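Comments concern the structure below.
Read-outs throughout are calculated quantities, based only on the coordinates presented, and are distinct from any laboratory measurement. Nothing here was measured: the structure is a model prediction, and the numbers come from that model. Please note: Cβ atoms are built from the backbone with ideal geometry, for glycine as well, and neighbour counts cover all protein chains shown.
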Amino acid sequence: MPVIAGVMALVGIGMIQGKEIRPLLNRVDDPVFLITVLSVIFLSLESGILVAVAVSVGFFFASASRVKLAVSREGDKEHIVDSGNLFYASLDHLAKQLRSDPSTRTILDLGRVPYCDASALALFESIRRERQRCGGQLDVVAA
């Protein structure tokens, strides 16, 4: 049995074409690929596939939950441009920024946001009411 596994490993390694794989790799795929290969080698094929799926989902979730904010101020006016996905897992940084000074007039530009869910809309409405009580204002635009 060990001889068959060794032969299969050599055949598998022989099938890898470096010039075809290289364009597919990027900074997220490299660790996923390495973890998958090591899992298949040291565990089993089934376990390696399960580990690969879990690691891929983890990397996707981590990258999708990052919010990129560009904040500029002019006197008591604040302009925030968001260019990340807005959903329940990515709202903490934006909420912290929006709640930092409730007396400010803020324009939140969502023109570069590819996805916005109901939890983000509920957050905007909550902050809008909070700012009205404190003399501030929140304007959400999608320009």
Open item on the list: Angle check, please: helix 2-15 long axis (alpha carbons) against the longest principal axis of the chain (alpha carbons), in degrees 0 to 90, nearest 10.
Closed with: 60 degrees
Open item on the list: What FRET efficiency comes out for ARG99 versus PHE60 if R0 is 22 angstrom and r is the Cβ-Cβ distance? Round to the nearest 0.05.
Closed with: 0.20
Task: Under 13 Å, Cβ to Cβ, from GLU130 - net charge with Lys/Arg +1 and Asp/Glu -1 - done: +3
- [ ] Kindly express, to the nearest 10 degrees and within the range 0 to 90, the angle between helix 118-134's C-alpha long axis and the longest C-alpha principal axis of the chain.
- [x] 30 degrees
- [ ] Quick one: which residues, 5+ away or cross-chain, put their amide H under 5 Å from the amide H of THR104? H built at 1.01 Å from N.
- [x] GLN137
TODO: May I ask you to evaluate 6.51 cos²θ - 1.76 cosθ + 1.60, the Karplus curve with θ = phi - 60°, for each residue of the range 55-68 and list the ³J(HN,Hα) values in order in whole Hz, giving x for glycine and proline?
DONE: 5, 4, 5, x, 5, 4, 4, 5, 6, 6, 8, 7, 10, 9
Open item on the list: Quick check: from the Cα gyration tensor, does the chain come out rounded (a/c under 1.5), prolate or oblate?
Closed with: prolate
Open item on the list: Of all beta bridges DSSP finds with both residues in the range 69-141, what is the antiparallel percent, to the nearest 5?
Closed with: 35 percent
